[in-house]
Amino acid sequence: MAMLSQKERDKRSAEKKDLTFHAYSIIPESVHTSILLLKSTEPEILCQTLRAITKFSSQDIQNRYVLFNMNAIHYILPHIEHRELHVRRFALKALAQLCQLPRGREQVLEDPQNVKKIAHMLVKIEDVFVLEFASLVLSELTREPLGCKQLLSANILSSLFSRMKNSLDPDVQKNCLQTLSNLLDDPVCASEVVKSKQFSWPSILALIHSKYLAIQKAAFRTVDQLICRYNDEAVQKTFRSSGGVLDLCDSLESYEFHDAHAVVLKILLNFVGTEENASHVYQSGCILRLLAYLEIALPTMKPYCLAVLTKISFSSSGRDALYETEIDLVFCQQLLESDVDLLADAAMGVANMTMLLPSAVRMSDTNIIEALCAIVSDNAAAWFYIRINALQALAALCLKIPKAAYNLVEPKTFAALRNINKKFKDTPIEAQRLAMECYINLQTYHVSMKAMLNVDFIQEVVNILQRIDISMKKMACNVLTGLMVEPVAKDWFTLCKGEEVVSTNLHIKHVGLNTALCTLITACVTDEGADEYLRLGTVHFMVENRLARYVVSTWEPALEAIFRHQPSAKLAYTGRLDINDYTQEGFYVQKRLSSPFPTIQQLMDKPPPHEDPVFISLFQPPVSEPGVDAGIDFEQHQSRGISSSIMTSSSMRRRPPLPDDINLREYVLQQRLWFGDPVKSVRYIEIEDAHYEVRYRDKCHEVSMSLKERAQLLAEFVAEQMRGTTQEKDCTMPSVALHLSNIMNDLDSCVIGLGWVRYGGALERALLYKVLADRVGLPCALHRRSCAHAWCEVAVPEGSENAMKEGNYPAGLLRANYVVDLMVKPGRLLPLGGEDARRVCGCDPAQPRYTSRAAKGCFCKTDTLKSLK
C-alpha cells in the first residue's frame, strides 16, 4: 500500500475534529461561589443554583443571614422576571425567604419598582408556583409600613381580593389574606382598603370555614382587625348586615372548629364594644346562643364566653338586652359557684348591671352582698381582678339599692369591707380606694350612715387621712364631711385629733386636696375645733396664704367658718366684727396685738411681767356658784337665731379659770330690766300679709325708734360704767393704763374680765358696747383701727315710701348705718359717712386696719375678710 502524503494526512485529521462544547458538572464549594454563579446567563445553571440557595436558606435562619451578608438579594432580584419559568419560581422563593429578615425587606423596598414588579405578577401570571411565591414575598414586604404604601401605589387591591377569594391554591389564599391583614395594621392603608369597591365581607367570612387551619386563623385575625375599627361606621354597618355574627356563632356550635373557639370569642368580645353592636347581638339572637354555649362549653372556654357577656353590659342597650335575657342572674349565680376563673367577669357584670335599676333590684333580692363580701375577704383570691371587681360591684350596689346598703353594714359584711383599710399594707391601693368609695356611697342612707357613726370608724378614717396617697386623702375628707351632718360626729372628730391631721395636710400644695380639706373644715368646725385650729397656727397660715385664696374655691368659706366659731380671731385678723358676728362666752381681745394671734390659754400661761392686757367677756358664773341665771347666753343665742348646737357644753369647757366677772353679768341683767326679753322684742313680731300694707309704715317706725332708743341708752350706760370710780371721771390714756396695770397686778395675769374695767378708752368702751349689744338684740358691728382705738356701728332700719313699695326685705340684708359716739357725747347716733362720724372713727374707713397680721404698731392693707391677701 502506498504511503499517504503529508497533505492528505492533514486533510483526513481535520475531518475528524469535534468543534462542539461538551457540558460538565460544576460543584461549588462555598456559598459565595453559588452566589457568583447567579451572574450566569444560562438558565440551567441559574435554576440549579437558585434551587441550592433555597434549600440552604430553608435549613436555618442563620443561613439566611449568611446569604444576606453576601448581598444575595442583589443577585436574585434580576431573575424574578426571567424568561424561564423555573428560574422565576426559584428566584421568587429565594427572595421570599430572605424577605423574612427585617434588613432583607428594607433592601428590597429601597427601589419601589421591585414591589410593582412582584405585585403585577398577581395580575398577569397564572402559574401556581409563581403566584404562591409572589404572594409570599408581598406578605413579607407589607410587614413594613413602606411596603404597604408601595403596594397601595401599585393599585392591585382588586387582584389581591380576587386571588384571595377565587384561587384554588390554599397557599395563595393564605398569603393574600396575610397581605390584607398587614395592610389593615397600618392606619392609613386600612382606610384605603375598606374604601375599595372590591372589599366585601362575604369573601373574608367564607375563609373562616376553610378546612385549612392556617387560612382560618388568618381569616379570623382579619375579621378581628376590621371590626375593631369602631369609628368606621361603614365597616360596622356592612358587617352587621352581612350576618357575620351568625357565622361566628355557627363556628362556636360546631365541634369541627373547637380549636378556634377561643379566637371566635375574642372576636365577639371586641365586636360588642359599641351600643349598636351590642343591640345587634341581642336582636340577632346571639346572646341566647352564647348563654347556651356557656352551659355546655369546656371549662377552658367558659371564661371567654362570660367575658363577652360582661363586655355587653358596658353599654346601655347591652344592659337592656342582658336584663331581658336574665343574664344578670347568671352573673350572680357564677359568684356563688367555685369556678375562680369566672369570678372577675361575673363581679364586673354585676357592677355594670347595677346601672340598670330594675336589674339592680332583682340582683339585690339574692344573697349577692354576702357572696361579694366573701370574695373580698378571701385571701386566696387574687386582687386583680377578682376582689377588685367584687369591690366595684359592692360600691355600685350600695349606691343604688337601700337593701344592699343595709346588708353591707351588717357586722360580718362590714368587717370584711373595713379590713381592707385596716390591713392596708397587705392590700393594693386600688382596693383601698374602692373601699372608701363604698363608705361614701353608704352615706346615702340613714341606716348605713348610722352604722358608721362611731368613734372607732371616725378614727379609722382620720388615720387614712394621714397616708401618702392624695386620692385616699381626698376620699377620707369626703367620708368625714358626710359624717359631719351629725353633731356628735364633730365631737368625735375633735376627740380623734382630726384638727391636727387636717392642719398638717393643709400644708400640702395640692388644689384638689386643699379643696376637700377646706370643705371638711367648713362641715366639722366647732368652738373647740376653732380653738384648736388657732392653737395649731392653721388660722394664721390660711390668712397668710395669699395664693390659695384665689386657687382653692373653698379656702375662704373654711376660714369664715372658723371665724364664726372664733370671733376673737376674726377681729384680730380682719379688724372688724359685723352685725351678724356674735361674741360668744370667752370672747377676748388683746390691747396690743401679736402675730400670730394666740389662744386664750397661751395668753394665760404667759409669765410675768404683764404689760399688755387682754380683755375677756365671761357671762357665765362658775359652776359651783348657785342661784344665778345661767341661761342668759342660751336665750340670747336663740334671740339672734343661732343654732342651739353651737351653744353646748363646749362653751363651759372653753371658759378659762378666772375670777367671776359679776359686773358684766349685772350689766346684762340691768339691760334686760330696761329693754325686756329680746326674744319678745317688737322687731320679731310677724306681720300678716292682709295687714301688711296698712301696718308696714307704723311697724317700721316702731322698730326703728325702739332700736335707736336702745342704741342710745346702751351707749350712755357703757360710757357711765367706763368713766371711772372717782369724781374726776378721768379716762385719759395714762389713767386707763394705770387702772389696767393695777388689775393685772391684782389678778397676777394679763387676762382680765371686761366687767372689771372701770376706766375705759375707745377700745374698752367699744368692746363692752358690742358684747352687751349682742345680748340685748341690738345689731352692732365692731371696728378696730389701732391698738387703742375702736368704735361701734349699729343698724337701724329706715322706714320710707320707697322701701315700702320695694317689698319686705329680710333681716339678713340689714346694714350698719349709724356710728355710736362713746367718747365725746355718749349716746349720739351719727349717720355713717358724715363729718362727725369720721371724727369718731378717727380716720377714713378706706385706710388700713390694725390687725394681728402686721407687727406691733404697724398697719396692714386689709379691710375685710374678702380683701385678705
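The values are calculated or read from the model by the stated rules, or taken from the named source; none is laboratory data. Just so you know, these numbers come straight off a predicted model, no measurement behind them. When we count neighbours, we look across all protein chains shown, and the Cβ atoms used for this are built from the backbone with ideal geometry, even at glycine. Side chains included, ligands, DNA and RNA excluded: accessible areas come from the protein's heavy atoms. Shrake-Rupley method; radii C 1.70, N 1.55, O 1.52, S 1.80 Å.
Extension gain for Leu213-Ile27 works out to 62.9 nm (0.36 nm per residue, less the C-alpha to C-alpha distance). Accessible area per residue for the stretch 253-410, computed on protein heavy atoms with a 1.4 Å probe, is 41 Å². Modelled this way, with points 7 Å down the Cα-to-C-beta line, the labels at Glu560 and Lys606 are 3.1 nm from one another. With a Förster radius of 35 Å applied to the beta-carbon distance between Asp426 and Lys450, the computed FRET efficiency rounds to 0.75. Across the options Pro487, Gly512, Met475, the greatest Cα extent toward the positive end of the charge dipole of the stretch 457-543 (unit charges at beta carbon of Lys, Arg, Asp, Glu) belongs to Gly512.
Pairs to check: Lys93/Lys149; Lys165/Lys266; Lys450/Lys474; Lys490/Lys708; Lys606/Lys825; Lys124/Lys149. Give those whose C-alpha atoms are more than 31 Å from each other in this structure. The pairs that break the limit, which is 31 Å between Cα atoms, are Lys490/Lys708; Lys606/Lys825. Legend: calculated FRET efficiency, Glu835 to Gln459, from the Cβ-Cβ distance at R0 = 56 Å, rounded to 0.05, equals 0.40. Each residue of the stretch 395-477 gets 84 Å³ once the volume of the Cα convex hull is shared out per residue. The modelled label-to-label distance between Gln62 and Cys228, using points 7 Å beyond Cα along the C-beta direction, is 3.5 nm. The HN-Hα couplings worked out from phi for the stretch 426-441 by the Karplus form 6.51 cos²θ - 1.76 cosθ + 1.60 (θ = phi - 60°) are 9, 10, x, 5, 5, 5, 5, 5, 5, 4, 5, 5, 4, 4, 5, 5 Hz, whole numbers, x standing for Gly and Pro. Spatially, the stretch 336-358 and the stretch 534-575 are offset by 48 Å when compared through their Cα centroids. At most 11 other Cβ atoms within 10 Å and a DSSP loop assignment: could you name the trypsin sites (Lys or Arg not before Pro) in the stretch 60-166 that fit? Those that pass, being in a loop and sparsely packed, are Arg83. Between Val361 and Glu192, the modelled labels are 5.7 nm apart [label points 7 Å from Cα along Cα→Cβ]. Taking every C-alpha pair closer than 8 Å and separated by at least 6 residues, the mean separation divided by the residue count of the stretch 388-492 gives a relative contact order of 26 percent. Distances between placed amide hydrogens fall under 5 Å for Tyr818 paired with Val794, Val796, Leu832, all partners being 5 or more residues away or on another chain. Spatial offset of the stretch 195-215 relative to the stretch 46-64 amounts to 33 Å, using the alpha carbon center of each. Rounded to the nearest 20, the Cβ-based charge dipole of the stretch 303-375 about its Cα centre (Lys and Arg +1, Asp and Glu -1) stands at 220 debye. Take Asp836: with every protein chain present and a 1.4 Å probe, its accessible area is about 60 Å².
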